[in-house]
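The values are calculated or read from the model by the stated rules, or taken from the named source; none is laboratory data. A quick note: this is a predicted structure, and the numbers were derived from the prediction, not measured. Neighbour counts are summed over all protein chains in view; Cβ atoms, including those assigned to glycine, are modelled from backbone coordinates with ideal geometry. Accessible surface areas use protein heavy atoms only, side chains included; no ligands, DNA or RNA. Shrake-Rupley method; radii C 1.70, N 1.55, O 1.52, S 1.80 Å.
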Amino acid sequence: MLRVPTVTVNGIELYYERAGTGPHLLVVNGSGATLRTSAPLIEVFTRRFDVVAHDQRGLGRTQVVEGPYSMGDYAADALGLLDAVGWPSCRVVGVSFGGMVAQELAVTAPERVERLALLCTSPGGEGGSSFPLHKLTAMDPAQRAAISRQLLDARFTPDWLDEHPEDRALTELMARRSPEDEPEIVRYGMAMQLEARRHHDAWDRLERITCPTFVGAGRFDGIAPLCNAEAMAGRIRGASLHVYEGGHAFFVQDARALPDVLGFLES
């Protein structure tokens, strides 16, 4: 990333980065993710877009403020960032938790979103919620790791991972992001994010989304099941559903996924 400023948004110091050239694109990260941990994925978008991405409240280099946080807070932070960089509207891609924020943003201010890509995420309500990740925090690390592997991809049994070294490498990469290794203040920010995630429900408001929308899902996703994506795509007027051979990280598992997302956002 080329520029590394902070900006005061909704009373907090929000850290963001901007890089690339092309159409304006806001990238919204998933649960516990920061600009540092998501850099490889964000870099893919900077090759074709003028990208703005930020550490969400309580995470990374953005200020940790007293909770609770709401999905509305996260969406308002994103909209405030767009104001700060002078973008009346832009394309938006949200990954997992970021897809929930992107939904909240798009139903709150549909005029600000030109094209919307929702990846491995859920609408909440009657459209179905993603797996309650907050329940994993009370488990011991070994139990949490075992459950997390199959949530990441329902095929990820020990036998499968023995036969698929690339998938084993993916699980090992994800396992390195252990909350026990983080300072207390970081764990607090992550807990507040999971609490906001637990209450996400945009289902009854999805019809407010008016822009072209790409809904991407992994066939074996245990966190955001395919049925949730199907419901969401059916609820958003004119949305298209794209199913890939992978789990919650289908965009790195199926070589078709990222080109499809990039092509849609460029259209």
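Details
- Residue-normalised accessible area of the chain, given per residue in Å² at a 1.4 Å probe: 43
- 3J(HN,Hα) along the stretch 224-230, derived from phi through the Karplus expression 6.51 cos²θ - 1.76 cosθ + 1.60 where θ = phi - 60°, amounts to 10, x, 4, 4, 5, 5, 4 Hz, with x in place of Gly and Pro.
- Modelled label reach - residue 255, point 7 Å along Cα→Cβ, the stretch 131-171 residues with backbone N closer than 16 Å: 166-167
- Total formal charge among the other residues, if their Cβ is under 9 angstrom from that of residue 6, Lys/Arg +1 and Asp/Glu -1: 0
- Under the Karplus curve 6.51 cos²θ - 1.76 cosθ + 1.60, θ = phi - 60°, whole-Hz ³J(HN,Hα) for the stretch 151-158, x wherever Gly or Pro sits: 5, 4, 7, 4, 7, 7, 7, x
- Karplus-derived 3J(HN,Hα) values for the stretch 12-21, using 6.51 cos²θ - 1.76 cosθ + 1.60 with θ = phi - 60°, are 10, 7, 9, 8, 9, 9, 9, 7, x, 9 Hz; glycine and proline are entered as x.
- Annotation for the stretch 104-153 versus the stretch 213-264: alpha-carbon center distance of 13 Å.
- Computed FRET value (nearest 0.05) for residue 164 with residue 226, which takes r as the C-beta separation and R₀ as 22 Å: 0.60
- Placing unit charges on the Cβ atoms of the charged side chains and taking the dipole of the stretch 1-146 about its Cα centre, the candidate lying farthest along the positive direction among 42, 97, 136 is 42.
- Think of the chain as a dipole: +1 on every Lys or Arg Cβ, -1 on every Asp or Glu Cβ, centred on the Cα centre; then among 217, 171, 161, 217 lies furthest on the positive end.
- Each Lys and Arg contributes +1 and each Asp and Glu -1, all at the Cβ; summed about the Cα centre of the chain, the dipole is approximately 400 debye.
- The chain, relative contact order in percent, only Cα pairs under 8 angstrom and at least six apart counted: 19
- Dipole in debye (nearest 20) - the stretch 156-267, about Cα centre, beta carbon charges: Lys, Arg +1; Asp, Glu -1: 620
- Close amide-amide hydrogen proximity is noted between residue 9 and 14, each under 5 Å apart and 5 or more residues distant or on a separate chain (H modeled in the peptide plane; Pro and chain starts excluded).
- Accessible area of the chain belonging to carbon and sulfur atoms, whole % at 1.4 Å probe: 52
- Set against the labelled values (i) 7, 32, 39, 20, 2, 0; (ii) 7, 24, 24, 20, 15, 7, 2, 0, 0; (iii) 5, 20, 25, 20, 15, 11, 4, 0, P(r) over Cα pairs in 10 Å bins from 0, in percent computed from this structure falls on (i).
- Taking amide H as placed 1.01 Å from N in the peptide plane, residue 247 has its amide H under 5 Å from the amide H of 220, each at least 5 places away in sequence or on another chain.
- Net lengthening on full extension, residue 135/residue 267 (0.36 nm per residue, minus Cα-Cα): 43.6 nm
- Over the stretch 57-144, relative contact order from alpha-carbon pairs under 8 Å, at least 6 apart, %: 22
- Model label sites at residue 66 and residue 240, defined 7 Å from Cα along the beta-carbon direction, differ in position by 4.9 nm.
- Considering only the chain, percent of DSSP beta bridges that pair antiparallel, nearest 5: 30
- Residues whose placed amide H lies under 5 Å from that of residue 113, excluding near-sequence neighbours: 90
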